[in-house]
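Accompanying notes for the structure given below.
The values are calculated or read from the model by the stated rules, or taken from the named source; none is laboratory data. It should be emphasised that the depicted structure is a prediction, and the values quoted were computed from it without experimental measurement. Cβ sites come from the backbone with ideal geometry, for glycine too, and all protein chains shown count toward neighbours.
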Amino acid sequence: MFRKILIANRGEIAVRVIRACRDLGIAPVAVFSEADANALHVRMSDEAYCIGPPTSTQSYLNIAALITAAKKSNADAIHPGYGFLAENAEFAAAVAVAGLTFIGPTAEAMQVMGSKTSARRAAIAAEVPIVPGTTEPLKGLAEARDIAAQLGYPVMLKAAAGGGGKGMRQVAAEGELHSALETVTSEAQAAFGSAEVYLEKVVDRPRHIEIQIFADTQGHVVHLGERECSIQRRHQKVIEECPSPINDSDLRQRMGEAAIRIARAVNYVGAGTVEFLFSDVSREFYFLEMNTRLQVEHPVTELVTGIDLVREQINVAAGAVLSFRQEDVRWLGAAIECRVYAEDPENRFFPSPGKITFLRPPSGPGIRDDSGVTAGDEVSIYYDPMISKLAVWGSTRAEAIDRIRRALDEYAVGGIKTTLPFFREIVRDEEFIAGHLDTGFISRFNERRQEIGPERPQLARGAQVSSLRQDMALIAAALSYMRAHREASRDYQPRDQSKWKLAARAAGLNREPGRRSERR
Ligand code: MV4
């Protein structure tokens, strides 16, 4: 087993990997940019190395600086987390060349899955259904026209080096094909350094359902069931669940076996996720892409299967056999996760950097909060503004929804805007409760919201609360706290607070403070 693991990441996922290291008795080594010198993941490690200026390209994406830190610390292995270099084959190869273990699949498996066209060819070889379309790069407009006509419009143009919704465009009719092809081709070249583009037929209102797989170096490959990730905003997942509300054990088995065949086709090792589009109408699923990393939403699978995916990643990377077999995997109850962002949902999800002045995460039965921050921390503009993942477990989906409602109401963050109020509305939405989830969920939800209007009608959407009113609310909250505290206390308290009361009454604050105020 490893003695020391360097974590080439930051934020909540670095904290998650540190926790797995502690559970295994392995010393975690942190790295940090100049902006993160005081970050939680640094404070939680025994040892930490500065790897450069705040900009990601100069720090968390700096392969040479990371390898230098790993060597200096005498680490045996590197865990990449997700994002940054997690799916970078060059990094995986550089780690191996430095004589260290990369906690993840081989560079070769990453390369095959990195190109969406070669991933589609791998799926065909594994006899897994893919979305109808091409598996070789398009050679030009004439070929694109022929194939699109065969597939039938609408079609989707996608960049082979893209993925996760980056570099794709829907084409409704042949008249739009020429300009769409030019746009996607030049965007692909600019964004990914590859102009390769392919075609897919559009799946109408699909669900995004993905299968967690796990493989060891001795040829054991298992699946841990599905996650439903259809609720997305601008191709970013917002809420994830396990199991999918449309799950039945037959579908799970068929998708799970398909995912295992794909993993075997590329000699996969470690944790991986096979994404499918699923049509409620036909109940067919189609391979979309494979993510060769631990995913943000892994906690919902952990809550339902009871398996620690990060610990298993480390075990497998150290050469151990998987600690469980397929028949040991049991799915119990339901889990739901919300990604909490430092963004203002009342202002088009604009980033809300700044100091977290107050933080009270929820707790209690079935609650898990994977956070990368504490009170007093600064949310900077340099990185993804996700500050935590709130995940809950319940014995049924209905119980999980009750718990996540309660947990979201308990969750209090001061100093910055967060997406918590947005989630409080979603988890009360009828369509969400009914499990009617597909790619159009968020836009339909936003339409419903506009019809109903804001939750608190006295405060129009986007309206600013003056700083005076905020201060008044703070004083009122303090007064209410003092009163409650005095009433609960056995100690004698002179009832001589009249100056405060008078001042509060004069200020028109003789009311209960709003219980959902985000600012404290
Ligand atoms: C699609 C699609 C419909 N047909 N491909 C791919 C990456 C993902 N983030 C969005 N992707 C889609 N690919 C074909 N052939 C629809 C989407 C899609 C989507 C998929 C799942 C969940 C939300 C989505 C929102 C917009 C588009």
Exercise. Scan segment 193-212 for residues that are more than 25 Å from E228 (Cβ to Cβ) and surrounded by fewer than 18 Cβ atoms within 10 Å (Cβ to Cβ) and report the count.
Key: 3
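Results for (1) within 15 Å of the ligand (Cβ to nearest atom); (2) farther than 30 Å from A318 by Cβ; (3) at pLDDT below 95, shown as yes or no for each residue.
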| residue | (1), (2), (3) |
| --- | --- |
| A173 | no, yes, no |
| Y198 | yes, yes, no |
| V202 | yes, yes, no |
| R207 | yes, yes, no |
| I213 | no, no, no |
Quiz item: Within segment 168-183, is even one residue in contact with a strand residue (DSSP E or B) (Cβ under 9 Å, 6 or more places away or on another chain), of a type in the set (D, E, K, R) and in contact (Cβ under 8 Å) with a residue 40 or more places away in the chain?
Solution: no
Exercise. Only residues that are farther than 22 Å from D204 by Cβ and assigned to a helix (DSSP H, G or I): list them for segment 119-138, please.
Key: A119, R121, A122, I124, A125
Practice problem: List the number of the failed condition for G219; all other conditions in (1) out of contact with any Asp or Glu (no Cβ under 6 Å at 6 or more places or on another chain); (2) in contact (Cβ under 8 Å) with a residue 40 or more places away in the chain hold. | Solution: (2)
Practice problem: Could you tell me which numbered condition S323 fails, if it satisfies all but one of (1) under 24 Å from R227 (Cβ atoms); (2) among the small types (G, A, S); (3) touching a strand residue (DSSP E or B) at 6+ places or on another chain (Cβ under 9 Å)? | Solution: (3)
Quiz item: P105 passes all but one of (1) part of a helix (DSSP H, G or I); (2) within 30 Å of I26 (Cβ to Cβ); which number fails?
Solution: (1)
Self-check item: Residues that are surrounded by 20 or more Cβ atoms within 10 Å (Cβ to Cβ) and farther than 19 Å from R120 by Cβ, drawn from segment 160-179
Solution: L177
Quiz prompt | Qualifying positions in segment 327-349 - in contact with a Ser or Thr (Cβ under 8 Å, 6 or more places away or on another chain), of a type outside the set (A, V, I, L, M, F, W, C) and under 14 Å from T305 (Cβ atoms) | solution = R330, G333
Practice problem: From R16, R3, grab the single residue that is modelled with pLDDT of 95 or more and within 22 Å of the chain's Cα centre (by Cα). | Solution: R16
Quiz item: Which of the residues spanning segment 152-171 are near the ligand (Cβ under 9 Å from one of its atoms) and within 16 Å of T135 (Cα to Cα)?
Solution: V155, M156, K158, G162, G163, M168
Exercise. Tell me which residues, restricted to segment 421-436, are under 20 Å from R348 (Cα atoms), aliphatic (A, V, I, L, M) and more than 16 Å from the ligand (Cβ to nearest atom).
Key: V427
Practice problem: From the list T439, T418, pick out the single residue that is within 16 Å of the ligand (Cβ to nearest atom), in contact (Cβ under 8 Å) with a residue 60 or more places away in the chain and buried (at least 17 other Cβ atoms within 10 Å of the Cβ). | Solution: T439
Quiz item: Among the residues of segment 127-144, is there at least one that is within 14 Å of the ligand (Cβ to nearest atom), surrounded by 14 or more Cβ atoms within 10 Å (Cβ to Cβ) and over 27 Å from N88 (Cα atoms)?
Solution: yes
Quiz item: Any idea how many residues of segment 102-113 are surrounded by 16 or more Cβ atoms within 10 Å (Cβ to Cβ) and out of contact with any strand residue (DSSP E or B) (no Cβ under 7 Å at 6 or more places or on another chain)?
Solution: 6
